[in-house]
Structure formats: structure tokens, C-alpha cells
Amino acid sequence: MDLSDRLEPVLAVARESAHQVDTEASFPADAVAALRSSGLLGLCLSEEVGGLGAGPQDLFEVTSSLAGACGSTAMIYLMHVSAAMTVAAAPPPGLPDLLPALATGDMLASLAFSEAGSRSHFWAPISKSRHNGAGVILDAGKSWVTSAGHADVYVVSTLNADADTVDIFAVPADTTGVSVSGDWRGMGFRGNASNPMHFAVEVPESHRIGPAGGGFDLMLQTVMPWFNLGNASVSIGLSQAAVDAAIRHTSAARLEHLDQSLSALPTIRAQLSKMSIDLACTRSYVEQSAGRLAQPADDTVLHVLSVKAAANDAALRITDAAMRVCGGAAFSKHLQVDRYFRDARAGSVMAPTADALYDFYGKAITGQPVFG
Ligand SMILES: Cc1cc2nc3c(=O)[nH]c(=O)nc-3n(C[C@H](O)[C@H](O)[C@H](O)COP(=O)(O)OP(=O)(O)OC[C@H]3O[C@@H](n4cnc5c(N)ncnc54)[C@H](O)[C@@H]3O)c2cc1C
């Protein structure tokens, strides 16, 4: 079965429920169920573990298409893929069935990194873990976890208090001490249940992903490349949807006293052109970045650092312009332009934020240590 055969049924369900998911801030359960049965949750996992063995370019295609249908579903999907790729990089020996379950869609995963103390600096958890002989005691408050209360397993970062290094653990949702600790009503991605969570759990050492103290490297080498590319892909999907909606609306809306459409106004046409060109340029850059992840080159790190910032900022510009050209109609839910606008903003504040990425990129091109 090719990817579009798997994707189309999911898109149909996601499109159908997107408006309701956004309005009610409800988790897109039907779209996630469709994703589970489509096989796409295992998109980039190897065929050996039951995945589809696809690569970064396919992630771009699938995630951008999902975002055009329902931004919340796309972000839930991306957090699953990012968590699954982290598990795949160093499968925890104590959970031998985890990777196949993530690949086949039996288990939905998410990343639980951000904490109130270190805010968007997700690579620097403040919460501490301690060894107690038998296992590891985690006491981690996480400020936003996409799919909170809906995922089957959480990939949780923590500071090893004994070594002052970062560890990442796979924590199944049914572990005693896992709780959703608050409510979240967002402006964008309103359906993705990004509630705060608390992990007051004891887990065996064998649930650790990678070696002791290996969490920071995993974040840089695995989480950032997949998440940044996927988040950029979401921005492209939202931007495309906004451009399409703006062209549709301004072409159909009439100025009857002038006997012309809105799009016949030169200013509107110019705005539509700028949006389309901005989208085309950014799409090319994201595709190029996907290629650099698939076949690493000298500038792959620069692409990892820049792709999310570039696509997020383009999505902010493009969705803002869509609101502008659609005028008062953009405030009506029937165009859905407001949803793309709000979702684009939510995607851009997700860490690493564009401003942090520009700072890192600037350090990289001037020969300064990026995380120094
Ligand atoms: C919809 C949504 C879903 C989310 N899902 C998850 C999830 O599943 N898992 C998870 O772990 N987290 C998640 N998050 C959290 C997210 O990744 C960020 O950690 C969070 O949005 C940061 O918000 P803050 O207020 O703490 O930002 P702050 O860190 O307070 O940032 C405020 C401003 O400071 C700027 N800034 C910060 N550091 C730097 C720097 N070094 N250089 C330049 N500028 C800087 C930022 O760019 C921003 O403009 C989610 C957030 C949202 C909104």
C-alpha cells in the first residue's frame, strides 16, 4: 500500500472533525484512531520493528498534509513520531515490546520535556531523578505535554541529581504516579490536550532511553532533527491551507457596485502573490532540509537549526496576510483562516523557539559554541 492510500482516509476524518476539535478544544479521537489503524504512526520506524521504513521527505509529506486538514492532529502525530524516533535511537531494554507497539499504532507516544523552571529550554530539565537501589525515582512536573492523558507512553526528561546530567525515560501511562495535573485551553492547536503533567514515579533503570547521562545528546541528535523538520512541515501545511483559503475567498467575494471580485483589486493580488511566493520559497527550503536529514552533509546541522525558525516565521507572515486579505470574513469560522492563523502561532512558540534557533544558528555560522 502506498503512502497516499494510508493517508487519504486519515485526512478525510481529520478534515471532518477539525472545526469541532478547534471549537470545543476536544482531542481529535477519531483522527487519532484513523492514524493508529493507518500504519502511519510507524512511518519512519524500520520495517524490522513493524514500521514503514520511510524517511524525512515522507515525514514532510504526511505531516504537512495532516496540518492542512487539522493542525491539532498534525501536532499530536508529530509528538508521537518525535518520541518514537527517540525510542528507536536507543530502545530501553526493559520495554522490549515498546518499539513494535509504537510502530503498529498500538501505542501513542508523546514527549514530556518542558518544565516551568527552564521554560522553553527543554534541553535543561530542572526536575531531579534519584537512584534508590532498585530503580529510579522521578519527580518531574512538566508544563505542557501534547496528548496528555491520551498517550500510552511518555518520553520524559529529567536531571540525574547524582551526576548533574540529563536522562530520558520511557514511562508507560499506566505507571503509578503519572497524572495530568492541570487544564490547558490554548489559542492554537486547541485539540491537542497539551496539559501539564506530573510524573511522581519509580521506574527500573532499564526504562532509560540510551546510556546514563545520554539525554542531552539524544535531544540534539534525534529529537531536534525530527521535531524541527516535522514542526516546519506543520507550518507549511498551515500556510498552504491559508493561501488556498485566501485565494478561494478573494476570488469568490464580490464588489457588486464595481462588478469585480476582491482578488481583482491590485493590493489584494499583490498580497496573494507575496504569500504564494513566500510559501513556495519556504517549502523548497523545508524540502531541502528533509533531504539533508535523509543524506547528511556538512550543512545538515545548519538545516536542523534553521528549518523550524524559517517555516514558523513564514507561517506567521502568511497566515497574517490571509487574515488581512480576507478582511472581516476571516473572523468568521466558515473560512477557517483564523484557525490556521492561531495554529501557526502555537507551532512557533513550541521549543526550540525561532528566536532561540536564530541565536544558535548565529553562533554556528560565527564559529561560537552553539550550546556554550
Ligand atoms: C500547543 C503547545 C504544545 C506543546 N507541547 C509540548 C509537548 O508535547 N512537550 C513538551 O515538552 N513541551 C510542549 N510545549 C511547550 C513548548 O515546547 C515550550 O516549552 C513552551 O511553549 C515555551 O513557553 P514559555 O512561556 O516557557 O517560553 P519562554 O521560554 O518563557 O520564552 C519566552 C520568549 O523568550 C524567548 N527566548 C527564550 N530563550 C531564548 C534564547 N535562548 N534566545 C532567544 N530568545 C529566547 C522565546 O523565543 C520567547 O519569545 C507545548 C507548547 C504549546 C504552546
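The values are calculated or read from the model by the stated rules, or taken from the named source; none is laboratory data. Everything numeric in this text was worked out from a predicted model, so none of it was measured. Cβ coordinates were reconstructed from backbone atoms using ideal geometry, including for glycine residues, and neighbour counts include every protein chain displayed.
A few remarks follow.
- Selected residue [surrounded by fewer than 22 Cβ atoms within 10 Å (Cβ to Cβ) and either in contact (Cβ under 8 Å) with a residue 60 or more places away in the chain or β-branched (V, I, T) (or both)] from I137, I209: I137
- Here the condition is being within 14 Å of A241 (Cα to Cα) and hydroxyl-bearing (S, T, Y); of T366, T319, it holds for T319 alone.
- Qualifying position, being closer than 30 Å to R345 by Cα, surrounded by 16 or more Cβ atoms within 10 Å (Cβ to Cβ) and more than 9 Å from the ligand (Cβ to nearest atom), among G182, G117, G105: G105
- Here V32 meets each of (1) surrounded by fewer than 23 Cβ atoms within 10 Å (Cβ to Cβ); (2) closer than 17 Å to F189 by Cα with one exception, condition (1).
- The number of residues in the stretch 249-287 that are surrounded by 15 or more Cβ atoms within 10 Å (Cβ to Cβ) and small (G, A, S) comes to 4.
- First in the stretch 181-196 and on the phi > 0 side of the Ramachandran plot, second anywhere and of a type in the set (S, T, N, Q) and more than 10 Å from the ligand (Cβ to nearest atom), Cβ under 9 Å, 6 or more apart: A193/S26
- Top-ranked residue of the stretch 128-146 - restricted to ones that are at pLDDT below 95 and not in a strand (DSSP E or B), ranked as nearest to the ligand (Cβ to nearest atom): G135
- Scanning the stretch 7-17 for residues that are closer than 19 Å to E61 by Cα and crowded, with 19+ Cβ neighbours inside 10 Å yields L7, V10, L11, V13, A14.
- The stretch 147-179, residues that are modelled with pLDDT of 95 or more, assigned to a loop (DSSP other than H, G, I, E, B) and away from the ligand (no atom under 15 Å from the Cβ): D174, T175, T176, G177
- Listed by position, the helices (runs of 4 or more DSSP H) enclosed by the stretch 251-362 that each have at least 3 residues that are more than 16 Å from the ligand (Cβ to nearest atom), at pLDDT 95 or above and closer than 27 Å to M75 by Cα are 266-294, 300-326.
- With respect to (1) more than 21 Å from M79 (Cα to Cα); (2) of a type in the set (A, V, I, L, M, F, W, C); (3) assigned to a helix (DSSP H, G or I), the lone exception for V370 is condition (3).
- Exclusive hit being touching a Leu at 6+ places or on another chain (Cβ under 8 Å) and modelled with pLDDT of 95 or more, set A54, A29: A54
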